[in-house]
Amino acid sequence: MDIERNKDSMRRVFEEGFGQGRLDAVDECLAADAVDRHEVPEGGGFRAHLKGVITMLRGAMPDLTMAVEDLIAEGDRVAARVVMTGTHTGEEFFGIPAAGNAVRVEQFHIVQFDDAGRGRVHWAAIGETELVAQLRGAPVPG
């Protein structure tokens, strides 16, 4: 198991996929049969769902960043603490019209990797409640 390759794949999904809108990074870093232990809508699988989330977030917050603050690996798993920031100046998001509100949400992700360095299973706490509250004007945590 190449721990550094796995960490690089994890980082690429956040920095290239979310941060730059490079959807091909999702295909390159996740196995075709990857699964998410979060609720994923039926059809299309996790990779398609993740690309949709990236597109939706970037449409709502064109300045979206996903800063990988901590990256820890052992065996076939990588854990990351990621801080998502952005300003809601774009499209409506979860029925909330853009009002220029800033967001800052801390997330935690764990990914199990296959022998080729592609993510197979994903677990996360992504801070949906905090995100929606901040989009509606709640103060951004310091």
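The values are calculated or read from the model by the stated rules, or taken from the named source; none is laboratory data. Small disclaimer: the values here were computed from a predicted structure and weren't measured. All Cβ positions, glycine included, derive from the backbone under ideal geometry; neighbour counts span all protein chains shown.
With in a loop (DSSP other than H, G, I, E, B) and surrounded by 18 or more Cβ atoms within 10 Å (Cβ to Cβ) as the only criterion, which of G117, G142 stands out?
On the way: G142 fails: surrounded by 18 or more Cβ atoms within 10 Å (Cβ to Cβ).
Going through G117, G142 in turn, the sole match is G117.
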Can you tell me which residues in the stretch 48-76 are touching a Ser or Thr at 6+ places or on another chain (Cβ under 6 Å) and either in a strand (DSSP E or B) or of a type in the set (S, T, Y) (or both)?
T65
Yes or no: T85 under 19 Å from the mean Cα position of the chain (by Cα), more than 27 Å from E4 (Cβ to Cβ), free of Cβ contacts under 8 Å to residues at least 24 places away in the same chain and not in a loop (DSSP other than H, G, I, E, B)?
no
Qualifying position, being hydrophobic (A, V, I, L, M, F, W, C) and more than 29 Å from G100 (Cβ to Cβ), among A25, A67, A32:
A32
State yes or no: is A67 modelled with pLDDT of 95 or more and not β-branched (V, I, T)?
yes
Under 6 Å between Cβ atoms, which residue pairs at least 6 apart in sequence (or on different chains) link something in the stretch 115-142 that is closer than 18 Å to L71 by Cα with a partner that is at pLDDT below 95 and basic (K, R)?
W123/R37
Which residue is surrounded by the fewest Cβ atoms within 10 Å (Cβ to Cβ), if the candidates are limited to the stretch 93-106 and must be without any contact (Cβ under 8 Å) to a residue 40 or more places away in the chain and under 16 Å from the mean Cα position of the chain (by Cα)?
E106
I'm trying to understand the selection: among the residues of the stretch 52-90, which are among the acidic types (D, E) and either surrounded by 15 or more Cβ atoms within 10 Å (Cβ to Cβ) or under 19 Å from H122 (Cα atoms) (or both)?
E69, D70, E74, D76
Looking for something assigned to a strand (DSSP E or B) and buried (at least 17 other Cβ atoms within 10 Å of the Cβ) - is there at least one such residue anywhere in the stretch 121-138?
yes
Consider only pairs whose beta carbons are under 6 Å apart and that are at least six residues apart or on different chains; among these, list those whose first residue lies in the stretch 47-70 and is touching a residue at least 12 places away in the same chain (Cβ under 8 Å) and whose second residue is assigned to a strand (DSSP E or B) and charged (D, E, K, R).
E69/R81
Checking R22 against (1) assigned to a helix (DSSP H, G or I); (2) within 23 Å of G86 (Cα to Cα); (3) modelled with pLDDT of 95 or more, which test does it fail?
(1)
